[in-house]
Amino acid sequence: MNKIQIAPSILSGDFANLGKAVRDIGEWGADLVHCDVMDGVFVKNLTFGMPMIAALKKVSTLPLDVHLMIVEPERYIDEFVRAGADMLSFHPNASKDPLAALQKIRALGAKAGLVLNPDIPFQPYAAMFKECDFILVMSVYAGLGGQKFIEASLEKVREIRTYLKENNIDIPIEIDGGINEITAACAREAGATILVAGSAVFKAADPALTIKSLRG
Ligand code: DX5
Ligand code: ZN
């Protein structure tokens, strides 16, 4: 069985002190730092961009998992990888050429991922999975922290896991949105091995303990 990795999202951290949020995530025993980049166009909200990633990279002991919620992500791949994104994922329906974008991320030395919102089926993109280092299944609609987990995403994780197995593609499935101690167990059961959690970790009385229990 794959090792479970926990990626707390700094979206739920204190924006006046994101450096501390990143250091805390390391000290709490997580595996990755999930960074949500929103452009106010692909999603309604705006968060931060490359300069923030570069600044956080300097203080992080963990790899940065950068989730782009921006239109035409290909415009910024170079800069995000240079800023320190170790994993870089984007929504293929926001891209003019998702295959080229994946290849570019890999060529620059980062791990490339496709992100699928709840209403985006994986089948049209399945042929590109060979060019991915991970697949990110959204279990809420991208754009906001603290939303309720969408149960149907578990079936999507199972279907993708089956597809990957049948095609001998050995990459992890990441899940993002509404993950707490209960939904995490369902997500692990369905075959997700990287779990993003924003509010569940940052609002916990004991974040280190919560991270342990999300791991199962
Ligand atoms: C939503 C983001 C998530 C968000 C998850 O657009 O992609 O990463 O931070 O937050 P929770 O865990 O609170 O649903
Ligand atoms: Zn995210």
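The values are calculated or read from the model by the stated rules, or taken from the named source; none is laboratory data. Nothing here was measured: the structure is a model prediction, and the numbers come from that model. All Cβ positions, even for glycine, are placed from backbone atoms using ideal geometry, and neighbour counts span all protein chains on display. Heavy atoms of the whole protein, side chains included, go into the accessibility calculation; ligands, DNA and RNA do not. Shrake-Rupley method; radii C 1.70, N 1.55, O 1.52, S 1.80 Å.
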Open item on the list: I want to verify a result. In a Gaussian network model of the chain, Cα cutoff 10 Å, which of these has the top mean-square fluctuation: Ala83, Ala110, Ala126?
Closed with: Ala126
- [ ] Sticking to Cα atoms, compute the Rg of segment 77-134 to one decimal and its Dmax as the biggest Cα-Cα distance, whole number, in Å.
- [x] 10.9, 32
Task: Mean ellipticity per residue at 222 nm, deg cm²/dmol - from DSSP H runs of n ≥ 4 across the chain, formula -39500 (n - 2.57) - done: -10000 deg cm²/dmol
TODO: Quick one: P(r) of segment 36-143 from all Cα-Cα pairs, 10 Å bins, percents rounded to integers, in order of increasing distance.
DONE: 16, 51, 30, 3
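Averaged per residue, what accessible surface does the chain expose to a 1.4 Å probe, in Å²? Mind dumping the intermediate values first?
Values: 9660 Å² over 216 residues.
In whole numbers, the chain has 45 Å² accessible per residue.
For segment 5-215, state the semi-axes of the equivalent ellipsoid (square roots of 5 times the eigenvalues of the alpha-carbon gyration tensor), sorted largest first and rounded to whole angstrom.
So the equivalent ellipsoid measures 23, 21, 15 Å along its semi-axes.
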TODO: At 7 Å along the Cα-to-beta-carbon direction for both Tyr141 and Thr47, put a label point, then send me their distance in nm to one decimal.
DONE: 1.8
Open item on the list: Considering only C-alpha atoms, what is the centroid distance from segment 1-79 to segment 96-113, in Å?
Closed with: 18
TODO: Quick one: what are the phi-derived ³J(HN,Hα) couplings along segment 71-86, Karplus 6.51/-1.76/1.60 with θ = phi - 60°, whole Hz, x for glycine and proline?
DONE: 6, 6, x, 4, 5, 10, 4, 3, 5, 5, 5, 4, 5, x, 5, 8
Task: Virtual spin-label span in nm between Asn168 and Phe15, 7 Å along Cα→Cβ - done: 4.8
Open item on the list: Which of Ala185, Ala152, Ala16 ends up with the largest GNM mean-square fluctuation for the chain, with Cα atoms connected below 10 Å?
Closed with: Ala16
Open item on the list: Let me cross-check Glu155: its accessible surface, 1.4 Å probe, with only protein heavy atoms counted, in Å² to the nearest 10?
Closed with: 90
TODO: May I ask you to compute the full-extension gain from Lys203 to Lys130, defined as 0.36 nm times their residue separation minus their alpha-carbon distance, rounded to one decimal in nm?
DONE: 22.6 nm
Task: 3J(HN,Hα) from dihedral phi, segment 45-62, Karplus parametrisation 6.51/-1.76/1.60, rounded to Hz, x for glycine, proline - done: 7, 10, 10, 8, x, 4, x, 5, 4, 4, 5, 5, 4, 5, 10, 8, 8, 10
Task: In order through segment 35-41: 3J(HN,Hα) via Karplus (6.51 cos²θ - 1.76 cosθ + 1.60), integer Hz, x for Gly, Pro - done: 10, 9, 9, 10, 10, x, 10
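Percent of accessible area on the chain owned by carbon and sulfur, 1.4 Å probe?
Details: 5100 of 9660 Å².
With neighbouring chains kept in place, the figure for the chain is 53 percent.
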Open item on the list: Taking R0 as 22 Å, what FRET efficiency do you get between Lys212 and Lys3 from their Cβ-Cβ distance, rounded to the nearest 0.05?
Closed with: 0.95
TODO: May I ask you to derive the relative contact order of the chain, considering only C-alpha pairs under 8 Å and at least 6 residues apart, and to give it as an integer percent?
DONE: 20
